[in-house]
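Beneath this line is the structure, given in structure tokens, with notes to follow.
The values are calculated or read from the model by the stated rules, or taken from the named source; none is laboratory data. Note that this is a predicted model, so its numbers are computed, not measured. As a convention, Cβ positions derive from the backbone with ideal geometry for all residues, glycine included, and neighbour counts pool all protein chains shown. Side chains are part of the model used for accessible areas, which takes the heavy atoms of the whole protein and leaves out ligands, DNA and RNA. Shrake-Rupley method; radii C 1.70, N 1.55, O 1.52, S 1.80 Å.
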Amino acid sequence: MTRSEELRQKVLRYITGGKELATLWGVAQRVREITSDQHASLKELVKVIGADPILTSKVLRLVNSAAYGFRGRIANIDQAIVILGFRQLRDLCITLTIVKGVGTESRCEDFDRINLWKHSLGTAVASKLIQERYTGSQSSDLFVAGLLCNIGRLILDQHFPKEFSQTLKLAKDKGIRLIEAERRILDVTHADIGYWAATAWCLDDTLAGSIRDHHGPSGNRNADIINLAYVLAQLKGVGSPGDPMLTMLLPGILESLKLDQEKLVIIMKDLDEEFEMVEPLLRIMTE
């Protein structure tokens with residue numbers, strides 16, 4: 001068994017059976033079953049989500065926030081399902097449960113989970129803005145994908161603190177990007193680990209692929225948008241992904257997304273206002 005395959009097996013064992021995420025696994029499986037069943041009723045999904053009043057409250061507060069920007073107030077889970085659809089609501093519920101399960105307390109001395117969640121929220125907000133204003137799509141899928149793009153680093157911090165501390169030290173001592181240090185120490189990256197987790201948690205295949213490819217290879221349109229959003233959030237100093245160096249923008253992304261320098265300047269200006277919602281969203285997610 002290769003080192004990367006051994007790590008994958010350990011990751012899957014921890015995230016589907018560990019105490020912190022045991023509840024998530026059960027919720028993910030049940031919600032996945034319902035949303036995959038063409039004959040499932042709205043009431044069944046409402047019952048599963050509504051069984052957790054804290055989760056229900058967070059879902060409603062989030063979909064009523066500026067991040068989603070819906071007109072009119074969404075008063076209950078029934079309305080949220082109608083507006084978001086089964087799949088998006090499922091992914092949002094699982095994401096909020098992940099935040100609760102993983103938590104905000106870092107195990108590695110040189111790693112700050114709160115700053116990583118801030119950066120992930122900044123990436124989510126920026127991804128949604130780029131998607132809706134500059135690619136013509138009104139889907140909210142990329143908000144969740146951006147929010148979870150760094151979940152692999154949280155898993156490393158949670159379950160592999162010794163190895164993760166080694167990657168943080170190597171990146172700092174050698175002046176290399178953290179993702180390169182991950183490859184040297186682990187033979188895989190946080191993007192790979194995030195993909196394994198997203199697949200195990202029954203998240204949408206497109207969403208999982210966006211997490212896997214947000215640092216490349218280029219060609220996955222959603223992942224390309226996340227990569228751009230990730231870099232812009234880091235440039236703006238919205239939290240930190242834990243990397244001592246600036247993340248590289250993948251070659252050819254601006255051309256593939258049909259974004260010239262003029263549009264990029266406008267996006268950067270628009271994001272100043274959008275990033276103001278990061279702190280309120282973080283409170284909703286973590287309280």
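At a glance:
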| item | result |
| --- | --- |
| Among the candidates Glu255, Glu262, Glu276, residue that is charged (D, E, K, R), within 18 Å of Ile114 (Cα to Cα) and free of Cβ contacts under 8 Å to residues at least 60 places away in the same chain | Glu276 |
| Failed item in (1) touching a Phe, Trp or Tyr at 6+ places or on another chain (Cβ under 7 Å); (2) charged (D, E, K, R); (3) open to solvent by 10 Å² or more (accessible area, probe 1.4 Å), with Asp157 passing the rest | (3) |
| Test result for Ile176, in contact with a Leu (Cβ under 9 Å, 6 or more places away or on another chain), of a type in the set (A, V, I, L, M), open to solvent by 10 Å² or more (accessible area, probe 1.4 Å) and not in a helix (DSSP H, G or I) | yes |
| Some residue of segment 30-53 being outside any helix (DSSP H, G or I) and either closer than 30 Å to Leu235 by Cα or at pLDDT 85 or above (or both) | no |
| Matching residues, segment 213-234, being outside any loop (DSSP other than H, G, I, E, B), touching an Asp or Glu at 6+ places or on another chain (Cβ under 9 Å) and surrounded by fewer than 23 Cβ atoms within 10 Å (Cβ to Cβ) | Gln234 |
| Single residue of segment 235-255 satisfying the filter (in contact with an Asp or Glu (Cβ under 8 Å, 6 or more places away or on another chain) and under 22 Å from Glu279 (Cα atoms)) that is least open to solvent (accessible area, probe 1.4 Å) | Gly242 |
| Test: Leu55 is open to solvent by 50 Å² or more (accessible area, probe 1.4 Å) and either over 17 Å from Phe143 (Cα atoms) or not aliphatic (A, V, I, L, M) (or both) | no |
| Segment 270-287: number of residues that are touching a helix residue (DSSP H, G or I) at 6+ places or on another chain (Cβ under 6 Å) and within 13 Å of Tyr68 (Cα to Cα) | 3 |
| Unmet criterion (only one of (1) over 21 Å from Ile225 (Cβ atoms); (2) open to solvent by less than 40 Å² (accessible area, probe 1.4 Å); (3) more than 14 Å from the chain's Cα centre (by Cα)) for Lys43 | (2) |
| Test: residue in segment 217-230 that is among the polar types (S, T, N, Q) and closer than 25 Å to Arg13 by Cα | no |
| Members of segment 222-253 found to be in contact with a Lys or Arg (Cβ under 7 Å, 6 or more places away or on another chain) and either farther than 21 Å from Ala181 by Cβ or among the basic types (Lys, Arg) (or both), listed by number | Val238 |
| Where Ile185 falls short, out of the listed (1) closer than 24 Å to Phe86 by Cα; (2) without any contact (Cβ under 8 Å) to a residue 24 or more places away in the chain | (1) |
| Helices (runs of 4 or more DSSP H) enclosed by segment 60-154 - at least 2 residues per element that are among the charged types (D, E, K, R) and surrounded by 19 or more Cβ atoms within 10 Å (Cβ to Cβ) | 86-102, 113-134 |
| Hits in segment 153-200 (condition: polar (S, T, N, Q) and touching a Lys or Arg at 6+ places or on another chain (Cβ under 7 Å)) | Gln158, Thr189 |
